[in-house]
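The values are calculated or read from the model by the stated rules, or taken from the named source; none is laboratory data. Given the structure is predicted, the values throughout are model-derived calculations rather than measurements. Ideal geometry is used to build each Cβ from the backbone, glycine not excepted, and the neighbour counts take in all protein chains shown.
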Amino acid sequence: MLQPLRHSLKDQTPLYVFVAVLFLMGVVFGALMVNALTLEQQQDLSRYFGDFFLSINEGGTGFQPMSYWEVAVLHLKWLGLIWLLGLSVIGLPGILILDFLKGVLIGFTVGCLVGQYTWKGLLFALVSIAPHNLIVIPALLIASVAAISFSLNIIRSRVLLGGSGNASRPFLSYTGLTLAMAAVLLAVSSFETWVTPAMMAWVTPMLGANAL
């Protein structure tokens, strides 16, 4: 599994740059979306965050961390969708959309926290969103590049070479790399399940005055 990863990192730098820029564009777009919210939507968000942080502080039922397998399955579904889209040429735009959407979700969430709680919201984002995503995002981007590369290989072998190329080896390499990323996501899911909630509970009292 390590050999496909080394090959991917070495020979596909332009694709990595493209996918990373697309993801960052999604983050910026998501953050800018916060400014487009109406006053009523901002008030609804404020109430939601207030109830959420109050529940964490008081240990209420409103804060129920997901189980390990719920977190893991969520990540694996995203990875599996990327893998499936990479198997067909028509799925290539879908991979790019997923990467952009992932950036939008993170940018919007962080933007909402910062917009509501300024530097305290940023601190909460750093402990609740950033740690596991420092591993999750690179893993998904590596899988995305592998999927794009495999789709391009299909185009090259089936269209440009008239179907004379052998797809079995690229497929095994592509699937092996995806399985390696799945193992990484399974590992980081344990951190997200057991460590992240504790870090959130540690930081939340700092937002207490704003949340109430």
query = Restricting the search to segment 23-59, which residues are within 25 Å of the chain's Cα centre (by Cα), of a type in the set (A, V, I, L, M) and within 29 Å of residue 198 (Cα to Cα)?
reply = 24, 27, 28, 31, 34, 45, 56
Close pairs (6 angstrom Cβ cut-off, 6 or more residues apart or separate chains): of a type in the set (A, V, I, L, M) in segment 117-128, buried (at least 20 other Cβ atoms within 10 Å of the Cβ) and at pLDDT 90 or above anywhere = 125/110; 125/113
